[in-house]
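Data block below; observations after.
The values are calculated or read from the model by the stated rules, or taken from the named source; none is laboratory data. In this text the structure is predicted, and so the values were computed from the model without any measurement. Methodologically, a virtual Cβ is constructed for each residue, glycine included, from the backbone with ideal geometry; neighbour enumeration extends over all protein chains shown. All accessible areas refer to the heavy atoms of the entire protein, side chains included, with ligands and DNA or RNA removed. Shrake-Rupley method; radii C 1.70, N 1.55, O 1.52, S 1.80 Å.
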Amino acid sequence: MHLSALGWNDAHAQAFQPHSDQQLQPARVVQAHRQAYVLHLGPATVPGICTGRLLHDTVTRADLPVVGDWVAARLRPGEPRADIHAVLPRRTRLSRRAAGPTDEEQVLAANLDTALLLTALDQNYNLRRIERFLTLARDGGVQPVVVLNKSDLHPDPAAAVAETAAIAGDAPVVTLSAAQGSGLDQLDPWLQPAATLALLGSSGVGKSTLINRLLGTARQATATLSDAVGKGRHTTTHRELFVTPGGALVIDTPGLRELQFWDPPAAAVAETFADITALAAACRFHDCRHGGEPGCAVQAALDDGTLDAARWASFNKLRREQAYAASREDPRLARAHREAWKKIHRGVRARMKFEAEAE
Ligand SMILES: Nc1nc2c(ncn2[C@@H]2O[C@H](COP(=O)(O)OP(=O)(O)OP(=O)(O)O)[C@@H](O)[C@H]2O)c(=O)[nH]1
Ligand SMILES: [Mg+2]
Ligand SMILES: [Zn+2]
């Protein structure tokens, strides 16, 4: 394979410049395990590990290689193994607050064009969860596509699509059945050669089943949710990038149990909740807290049912998490967070004024 078929482009080549003089070559991380990686060099894949120096110089775990990363690697003489000397800057990324007690960022995958946000049309189907996934993708600069899988289990999948589209903003929403292989062609617009896609969603929604469909072979093990939970772990346990017969690069990931945000994604939340942001900008008072003030557009929309109470609650929950994340970091960030929201509100007001004048 040519590096360009793996997503290598001029921007990456530029970022590689500082490394190009010392027998280092670019490689893409196609598998990430705890310490060990598999690197794609173009002609071949080799196992790789970070050099001691890279580990030593790395300040946070989020700066270590993840699947989808481009790295500067050096092949060991006479050995089919490579050492990773540096991680190139990430074009886009999906990251969250790591699960568990430690307070750190976990990057799930890097340099993605599209995130296929999978939900199954069974008990897993939950608009509030979809909002969180949308926010995560937008925050990382990745185009989200909502995939409602297991359409065969739902009496009216088209109604679910309509309901989801109403909260998804400009993100496309499709429904399909990975198990039955129906509706897959709807993903064609994003399955372009050398485009990188990651599949994200809870355990058991059918990520690996869909990957197998896209690859045309049963590469990934799949299991029913009860089997997976019975084993006490998810079926897929590491992140891996595969090349489809059409040349798209798709990443399978283990199911995400928790989805907490790492940085406060004010702009991404505003985008996911554009309807609420617009309402808030229409309140009589600039600093309206939407708690019973006169002329509150949010309260009016809640009263007449234009704004769903569950969606309003979901928005507030995300904002509280943002505020928490910001204050945990440092007071400067908390202030930056408030500034970001002020700017968003100013922008919406300006746009509303502009549109009103145009009428
Ligand atoms: N009815 C139905 N079942 C499906 C569909 N897609 C997947 N499944 C089933 O759902 C179960 C879980 O599928 P997986 O592909 O293993 O799920 P996963 O998202 O990869 O799960 P993790 O690897 O644990 O994160 C399997 O039993 C699949 O056969 C579908 O479209 N319809
Ligand atoms: Mg899986
Ligand atoms: Zn208000």
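Highest-first packing order for the peptide set 9-18, 159-168 is 159-168, 9-18, based on the mean count of other beta carbon atoms within 10 Å. Its DSSP H runs of at least 4 residues, each contributing -39,500 (n - 2.57), put the calculated 222 nm mean residue ellipticity of the chain at -10000 deg cm²/dmol, to the nearest 500. On a C-alpha basis, how far is the centre of segment 3-80 from the centre of segment 93-171 in Å? Whole number, if you could? Using only Cα atoms to place each centre, the spacing works out to 28 Å.
Accessible surface calculations at 1.4 Å, restricted to protein heavy atoms, place segment 93-252 at 38 Å² per residue.
Given R0 = 25 Å, the distance between the Cβ atoms of Ala162 and Arg320 translates into a calculated FRET efficiency of 0.25. Within segment 253-319, the trypsin sites (Lys or Arg not before Pro) that combine a DSSP coil assignment with at most 13 other C-beta atoms in a 10 angstrom radius are Arg257, Arg284, Arg289. Solvent-accessible area of the chain (1.4 angstrom probe, protein heavy atoms only): carbon and sulfur portion equals 53 percent. On the principal axes of its alpha carbon atoms, segment 110-174 extends 36, 20, 16 Å, with the longest extent given first.
Treat every Asp and Glu Cβ in segment 117-248 as -1 and every Lys and Arg Cβ as +1, leave all other atoms uncharged, and give the resulting dipole magnitude about the Cα centre to the nearest 20 debye. Approximately 500 debye in magnitude. Of the peptides 297-306, 267-276, 20-29, 130-139, the order by per-residue mean of other Cβ atoms within 10 Å, starting with the highest, comes out as 130-139, 267-276, 20-29, 297-306.
Rolling a 1.4 Å probe over the protein heavy atoms gives segment 3-87 an accessible area of 52 Å² per residue.
Residues in segment 278-286 carry Karplus couplings, in order, of 5, 4, 4, 6, 8, 5, 4, 9, 4 Hz; the curve used is 6.51 cos²θ - 1.76 cosθ + 1.60 with θ = phi - 60°, and Gly or Pro positions show x.
Rounded to the nearest angstrom and listed largest first, the equivalent-ellipsoid semi-axes of the chain from its Cα gyration tensor are 38, 26, 19. Here segment 3-87 is described by how far its Cα atoms reach on the three principal axes: 29, 27, 23 Å, from widest to narrowest. First check a/c for segment 93-252, with a ≥ b ≥ c the square roots of the eigenvalues of its C-alpha gyration tensor; if it is under 1.5, answer rounded, and if not, answer prolate when a/b is larger than b/c or oblate otherwise. Rounded, since a/c falls under 1.5.
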